Amino acid sequence: MSWFGREQKESQGDPKQSANKSTGNLGENIAVSFLTKRGYNILERNFRCKGGEVDIVARDPKDKYLVFVEVKTRRDLSYGVPQLAVNPFKQRQISKAALTWLSKKHLHDSNARFDVIAILLDNDGRHSIEHIVSAFELAY
């Protein structure tokens with residue numbers, strides 16, 4: 001059965017979903033710290049709209065681009081590397097949310113790009129991080 005037909009489980013009733021949310025939140029915090037240390041200005045986190053969600057909206061200090069960042073975090077590689085989860089469907093959702101964000105902020109003419117930050121968490125609290133600049137184009 002495709003996931004379109006399934007009802008979403010309450011996060012409090014599903015320990016796996018709760019653990020995934022916790023991993024995701026940790027990854028986003030790591031990504032914000034990573035970007036901030038590199039001079040990025042964080043404009044917004046977890047922007048949600050009808051069409052999708054953007055994890056982080058930031059301004060690149062070098063070229064002043066608006067950067068819509070998707071953060072993918074994994075504790076192991078059983079599902080593959082984290083960045084592979086940013087598939088064409090997810091890219092469309094992020095693109096729709098980015099367009100909505102730009103519209104709400106009246107920033108239609110801004111230079112913007114889509115980055116992916118992939119984080120692999122270690123059991124001892126360490127992590128590896130890969131920042132993929134311009135990971136994909138607008139997919140609408």
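The values are calculated or read from the model by the stated rules, or taken from the named source; none is laboratory data. The model shown is predicted, which means the values in this text are computed figures rather than measured ones. Positions of Cβ are backbone-derived with ideal geometry, glycine not excepted, and every protein chain shown enters the neighbour counts.
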Handout entry: Residues (surrounded by 17 or more Cβ atoms within 10 Å (Cβ to Cβ) and small (Gly, Ala, Ser)) located in segment 55-86
Key = Ala58
Exercise for the section: Name the single residue, out of those in segment 24-54 being surrounded by fewer than 16 Cβ atoms within 10 Å (Cβ to Cβ) and among the hydroxyl-bearing types (Ser, Thr, Tyr), that is farthest from Ser78 (Cα to Cα). Expected result: Thr36
Handout entry: Answer from Ile129, Ile119 - the residue that is modelled with pLDDT of 95 or more, surrounded by fewer than 18 Cβ atoms within 10 Å (Cβ to Cβ) and not in a helix (DSSP H, G or I)
Key = Ile129
Completion exercise
Within segment 87-116, restricting to residues that are touching a residue at least 24 places away in the same chain (Cβ under 8 Å) and small (Gly, Ala, Ser), the one that is surrounded by the most Cβ atoms within 10 Å (Cβ to Cβ) is Ala98
